[in-house]
Amino acid sequence: MSIESWENVAGRLESLLGRAERLLEEHLPGAGYDPSLFEEWIAFRWERRGRNGVLVPVRHPHLVDLDDLVGIDFSRDDLVRNTEQFVSRLPANNVLLWGERGTGKSSCIKGLLSLFAQRGLRLVEVERTDLSTLPGLLELLRGDSRRFIIFCDDLSFAEGDASYQELKTLLDGGLEERPENTLIYATSNRRHLMPEPMAENLDGEIHPEEAVSDRLSLADRFGLHLGFYRFDQATYLRIVERYSEKAGLAVARKDLHRDALRWALQRGQRSGRAARQFVDDLCGKMRLAETIRSVECSDQDRYS
């Protein structure tokens, strides 16, 4: 056989091997999974591949300082306590963090890595659209010595969306028990995760209260519910002061408060997110002004 023929055969074999690997990824949970990933990385995304998924390391995780989260002390402290129990291999609950947008729900969960990563905690983010592949992820994590929080951010379900049934089974455990080294932490703007229309009998339900109960039972499966409420003005200004201090901004308190309130009014909300965006904007404007002054002074010195 000629060299050219051998090259053609080798090319076809390589193509077949590639197809076989893709099929394995689609049908076997965690195909190609390397346990050393959990030694090197502390945060992951679970991404759908065919019928299952793969773990993708987050190379630059957002490590939030929980001390920066002002005005949510009770909810934050309860979350830390529950996670401490979990990491210490004591009984702990799945957690639903619900409430106003921009109040620190997601940041609370991301901040847990700063406290517990050195003790074996790992965070795995799963999109709502990939919930059907969660059994594959749990099977992958089962038996590992580390502790895993499955993080479902901004979780909610539209009317007629039946994918919440998968999550219900995983939270309470179906025929197969959920691994003891995993918990599910979810955030949502909705207290019950599901829409609650005024008219519940539009679909011809003879017993509409049963349909309502079925949908609302999803939230009941989270053992710990932590509420995040709209900030009052004093709390919002405390958050602004905290971020301003960390940024090293030399601004009179009166001026800082005045501009921060104007910023919140323009956006229609007083939240931690709005406070952070205000300070970022103010910091950028002040640094830009300093740069422009420095350049102008240099030009004056050069031509004087």
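The values are calculated or read from the model by the stated rules, or taken from the named source; none is laboratory data. Being a predicted model, the structure only gives us computed values, none of them experimental. Neighbour counts run over all protein chains shown; Cβ positions are idealised from the backbone, glycine included. In case anyone asks, the SASA skips ligands and DNA or RNA and just uses the protein heavy atoms, side chains included. Shrake-Rupley method; radii C 1.70, N 1.55, O 1.52, S 1.80 Å.
A few remarks follow.
- Those residues of region 244-292 which are part of a helix (DSSP H, G or I), hydroxyl-bearing (Ser, Thr, Tyr) and buried (at least 18 other Cβ atoms within 10 Å of the Cβ), in sequence order: 244
- The single residue among 129, 133 that is open to solvent by 70 Å² or more (accessible area, probe 1.4 Å), assigned to a helix (DSSP H, G or I) and at pLDDT below 90 turns out to be 129.
- Sole exception among (1) under 17 Å from residue 44 (Cβ atoms); (2) assigned to a helix (DSSP H, G or I) for residue 86, by number: (1)
- Scanning region 67-109 for residues that are under 14 Å from residue 153 (Cβ atoms) and open to solvent by 20 Å² or more (accessible area, probe 1.4 Å) gives 98, 101, 106, 107.
- Taken over region 94-118, the criterion of being under 15 Å from residue 181 (Cβ atoms) and part of a loop (DSSP other than H, G, I, E, B) is satisfied by 94 alone.
- Within region 241-257, residues that are closer than 20 Å to residue 273 by Cα sit with their Cβ atoms under 7 Å from residues that are among the basic types (Lys, Arg) and assigned to a helix (DSSP H, G or I), at 6+ positions apart or across chains, in these pairs: 243/276.
- Test: residue 49 is surrounded by 14 or more Cβ atoms within 10 Å (Cβ to Cβ), at pLDDT below 90 and under 27 Å from residue 218 (Cβ atoms): yes
- Some residue of region 201-210 being open to solvent by less than 70 Å² (accessible area, probe 1.4 Å), at pLDDT below 90 and either more than 18 Å from the chain's Cα centre (by Cα) or under 30 Å from residue 271 (Cα atoms) (or both): yes
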